Amino acid sequence: MRQLFKTFKVAFQAINKNRSRSLLTVLGIIIGVAAVIMTISAGEGANKEVQDQISGLGTNLVMIFTKMEHRGGSHVRMGRPIDKRDFDILQKNAVWISKMSPLVNVGVQAAGPNGYKPTIVYGVNHEYFDILSRELALGDFFKEDDVKTANKVCVIGETTRKELFADLDPIGRQIRIDKIPFTVVGLLKEVGQGAMGQDQDDVILAPYTTIQDRLYGHRRGYDMIMASALDENSVANAKIEVSELLRESHQIRPFEKDDFDVMTQVELQEITGNITGILTTLLGAIASISLIVGGIGIMNIMLVSVTERTREIGTRLAIGARESDILTQFLIEAVVLSLAGGILGTVLGIIGNQVIYKLTNFYIPTAPYSIMIGFGFAALVGIAFGYFPARKAAKLNPIDALRYE
């Protein structure tokens, strides 16, 4: 133990003798560790944000849509599309579903008193707002009668209001959607970005019957059916029930695959969690490259140090120092440099997360495992890139080392 303490003392003296060089050497490690911590933490923050937004939709969401397959660079529909017949069958027979809404969407040009903008209008029914827990800032939702009579009314989001109406109160005013006048009856509360990064306030919602009759070219298929199960514990039963009813509606034989997909909120959370997890891993891996660069810097400076201290090494070997003593000394110097960079990089990474939060209001929780990864990687880099110079020093011939000028 005493010998190890002396070895540490000699290593620290060697590092202290060249402070500027040592600081520049560990700079790569500092930047690398900080980058690893910040990128992994940013990925964790993004994942938490996505999961929170999906959870905000409730816990009993069920989505039903036509199965699509990727062929030749485009998405091809598999089988019969989801349509009114399917909706009516589900509405009449599904006992585990409480609310349902068709969903159709079409790209349009929307014009208002303040200008016009390209956007997407979503056709839904009156239950859609309860299914997705959307609330109003002004006005009212359109009613069931508006859906039945294909009334030309709509509810808009805050982003759409700003672009089409500026500071005007939109309630009761008209917007033209592909030259067709719609009366704005409600303004949704602002909610910000959605789980996939889309602006949930850049939206126009109108009765799906109106969209189908006026904008959809009289197509009767739906892009999706949004539904909510009776409660959280009914989601699994609702999915099974929907699948069975749709297989019967589509006349799918027992050995044939479904031509539709049914996805629950839990599955959506798992998918988005996997995606953000992969992105976090990729970002962390890219950031780790700077740690490798820092390790190369440590190896370079340790080789220089071995060359400068050749006579010192020869003297120590000549008076009885073992190869293992020399190896340990130089290896400790490399590890100390790496760990110093790891500590400073950790501090910088934590501060960087807070600075980003203050500047962007995007919460980035410093993931404890990111600190462990960054710090552990720094120690590993010190050992891996410090071993070769240390071994070179230990293998020096004492006589040749003493003659070195």
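The values are calculated or read from the model by the stated rules, or taken from the named source; none is laboratory data. Here the structure is a predicted model, which means the values were calculated and not measured. Cβ sites come from the backbone with ideal geometry, for glycine too, and all protein chains shown count toward neighbours.
Observations, loosely collected:
- Filter result for residue 357 (at pLDDT 75 or above and within 18 Å of residue 32 (Cα to Cα)): no
- Filtered residues of the stretch 81-121 (kept if under 34 Å from the mean Cα position of the chain (by Cα) and of a type in the set (Lys, Arg)): 99, 117
So that you can scan it fast, the table gives a plain yes or no per residue for (1) in contact (Cβ under 8 Å) with a residue 12 or more places away in the chain; (2) in a loop (DSSP other than H, G, I, E, B); (3) in contact with a Gly (Cβ under 9 Å, 6 or more places away or on another chain):
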{"position": "91", "(1), (2), (3)": "no, no, no"}
{"position": "98", "(1), (2), (3)": "yes, no, no"}
{"position": "103", "(1), (2), (3)": "yes, no, yes"}
{"position": "106", "(1), (2), (3)": "yes, no, yes"}
{"position": "111", "(1), (2), (3)": "yes, no, no"}
{"position": "121", "(1), (2), (3)": "yes, no, yes"}
{"position": "126", "(1), (2), (3)": "yes, yes, no"}
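- Residue match in the stretch 165-173 (condition: assigned to a helix (DSSP H, G or I) and surrounded by 15 or more Cβ atoms within 10 Å (Cβ to Cβ)): yes
- Checked against (1) at pLDDT below 75; (2) out of contact with any helix residue (DSSP H, G or I) (no Cβ under 6 Å at 6 or more places or on another chain), residue 82 meets all criteria but (1).
- Sole exception among (1) assigned to a helix (DSSP H, G or I); (2) without any contact (Cβ under 8 Å) to a residue 24 or more places away in the chain; (3) farther than 30 Å from residue 331 by Cβ for residue 285, by number: (3)
- Residue in the stretch 224-235 that is surrounded by 13 or more Cβ atoms within 10 Å (Cβ to Cβ), at pLDDT 80 or above and of a type in the set (S, T, N, Q) present: yes
- Every pair of residues 6+ apart whose Cβ atoms lie under 6 Å, when the first sits in the stretch 353-378 and is farther than 21 Å from residue 342 by Cβ while the second is at pLDDT 75 or above and surrounded by fewer than 18 Cβ atoms within 10 Å (Cβ to Cβ): 363/357
- The stretch 12-62, subset assigned to a loop (DSSP other than H, G, I, E, B) and modelled with pLDDT under 75, residue farthest from the chain's Cα centre (by Cα): 18
Residues checked against (1) in a strand (DSSP E or B); (2) within 25 Å of residue 60 (Cα to Cα); (3) among the hydrophobic types (A, V, I, L, M, F, W, C); (4) not assigned by TED's automatic domain parsing to the domain that holds residue 100:
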| position | (1), (2), (3), (4) |
| --- | --- |
| 209 | no, no, no, no |
| 225 | yes, yes, yes, no |
| 236 | no, yes, yes, no |
| 244 | no, yes, no, no |
| 248 | no, yes, no, no |
| 251 | no, no, no, no |
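- A single entry from 119, 160 fulfils the requirement of being surrounded by 13 or more Cβ atoms within 10 Å (Cβ to Cβ), of a type outside the set (A, V, I, L, M) and modelled with pLDDT of 90 or more: 160.
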